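The values are calculated or read from the model by the stated rules, or taken from the named source; none is laboratory data. Predicted model, so just to flag it, every value in this text is computed and none were measured. Every residue, glycine as well, gets a Cβ built from its backbone with ideal geometry; the counts of neighbours run over all protein chains shown. Surface areas here come from the heavy atoms of the whole protein model, side chains and all, with no ligands, DNA or RNA. Shrake-Rupley method; radii C 1.70, N 1.55, O 1.52, S 1.80 Å.
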Amino acid sequence: MTKVLEVHQIKKSYGNKAALQGVSFDVKAGSCFGLLGPNGAGKSTTMKIITSIIEANEGSAKVLGLDSKKNIDAIRRQVGYVPQEITLYEKISAYQNLVFFGEMYGVSGKVLKQQIAKVLELVGLSDRAHDPVRTFSGGMKRRINIAASLMHNPKLVILDEPTVGIDPQSRNHIFEMIRELKSQGVTLVYSTHYMEEVESLCDDIAIIDHGKVVVQGRLEHLLDQYAHKAVYLEADGLTHPLQDLRAAKKTYARGRGWVIETDDALTTINSASQQCIDQGWTVKSLEMLRPSLESVFLSLTGTTLRD
């Protein structure tokens with residue numbers, strides 16, 4: 001499959017502080033690629049290097065086959081970038097903002113009007129087109145910010161933490177928009193520290209921490225390889241970890257019950273249910289837990305994902 005983005009051993013320092021320490025990953029055409037990591041891990045720096053906003057100290061990035069250092073204008077004509085910071089003119093309307101950004105990308109005339117109508121519908125704000133941006137919620141502003149990045153029909157869209165601090169309705173609109181763009185063949189790079197977003201949206205991911213890519217690959221493959229398999233048990237009368245559970249590796253409290261890590265969930269479930277029957281405890285919940293990126297991150301870094 002064609003690679004839309006190839007990042008190879010990029011390094012970036014600010015003074016004596018190393019922001020990136022040899023970051024590498026590839027993004028396939030038509031996919032949604034998740035760049036997952038805590039705040040300060042190097043996600044935004046990576047995004048800015050890819051979009052030629054800043055230059056790496058070492059390494060290279062090819063965007064749509066073009067060198068990010070040598071083909072800045074050509075890359076910007078084909079890439080949409082949504083920064084963390086909202087970049088809109090709040091005193092004018094959403095429509096006027098989109099006119100400005102469209103003209104910045106060289107879109108004009110009938111095509112400009114058609115594109116504005118298209119992106120406003122995509123982000124679910126056609127009915128607010130002529131309202132001043134200052135009257136919008138934070139989530140609505142982010143949606144218009146995303147719409148601005150789409151005015152030139154980019155082949156690659158890069159979104160840097162697009163759902164930070166927004167309302168659930170706007171978050172759902174953004175999710176639906178990403179799925180729609182992907183169905184149209186647009187390639188997306190989605191940066192976030194929210195694991196559930198990556199699990200919901202992305203095909204391939206790279207986990208980045210302290211300026212390094214810890215692991216990358218297909219989401220389901222990483223879950224299979226690194227995520228802890230576990231069972232959750234909640235029962236009236238159960239106030240301590242069960243002993244001598246077959247196939248159990250580790251047990252710890254969660255909420256009102258217990259998480260039991262195991263390589264053989266069915267055997268552990270059978271063993272736990274039998275102990276509950278023997279003790280006369282009423283089982284409230286006994287289920288296999290879905291493998292999560294949280295356990296992948298913990299397995300690879302030894303820590304939980306920091307905010």
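Calculated from the structure at hand, volume of the Cα convex hull per residue in Å³ is found among (1) 133; (2) 118; (3) 156 as (3). Solvent-accessible surface of the chain, averaged per residue with a 1.4 angstrom probe and all protein chains in place: 49 square angstrom. Close amide H partners of Val214, meaning residues 5 or more places away or on another chain with modelled amide H under 5 Å apart, are Ile207, Ile208, Asp209. Computed over the chain with a Gaussian network model linking Cα atoms closer than 10 Å, the most mobile of Asp160, Asp204, Asp264 is Asp264.
For region 188-281, a simple Cβ point-charge model (Lys and Arg +1, Asp and Glu -1, everything else neutral) yields a dipole of about 300 debye relative to the Cα centre. The overall shape of region 13-153 is prolate: from the C-alpha gyration tensor, with semi-axes ordered a ≥ b ≥ c, the ratio a/c is 1.5 or greater and a/b exceeds b/c.
Under 5 Å between amide hydrogens, built in the peptide plane, is the criterion, and for Ser292 it picks out His228 among residues at least 5 positions away or on other chains. Here the 3J(HN,Hα) profile of region 240-257, calculated from phi with Karplus coefficients 6.51, -1.76 and 1.60 at θ = phi - 60°, is 8, x, 5, 9, 6, 6, 5, 6, 7, 10, 7, 10, 8, 6, 8, x, 9, x Hz, Gly and Pro shown as x. Taken one residue at a time, the phi angles of region 143-158 give Karplus couplings (6.51, -1.76, 1.60, θ = phi - 60°) of 5, 5, 4, 5, 4, 4, 6, 9, 5, 10, 6, x, 7, 10, 10, 10 Hz. Gly and Pro are set to x. Each part reduced to its alpha carbon centroid, region 234-253 and region 1-49 end up 41 Å apart.
At most 15 other Cβ atoms within 10 Å plus a DSSP loop assignment makes a site exposed; report the longest stretch of the chain without any exposed GluC sites (Glu not before Pro).
Values: sites that count: Glu55, Glu85, Glu90.
So the longest stretch without any such site is 91-307.
The apolar share of the surface of the chain, taken as the fraction of accessible area on carbon and sulfur atoms (1.4 Å probe, ligands and nucleic acids excluded), comes to 47 percent.
Given springs between every Cα pair under 10 Å in a Gaussian network model of the chain, which of Tyr14, Tyr190, Tyr232 has the largest fluctuation? For the chain, modelled as a Gaussian network with Cα springs under 10 Å, the answer is Tyr14. Largest GNM mean-square fluctuation across Ser126, Ser149, Ser44, computed for the chain with C-alpha springs under 10 Å, falls on Ser126.
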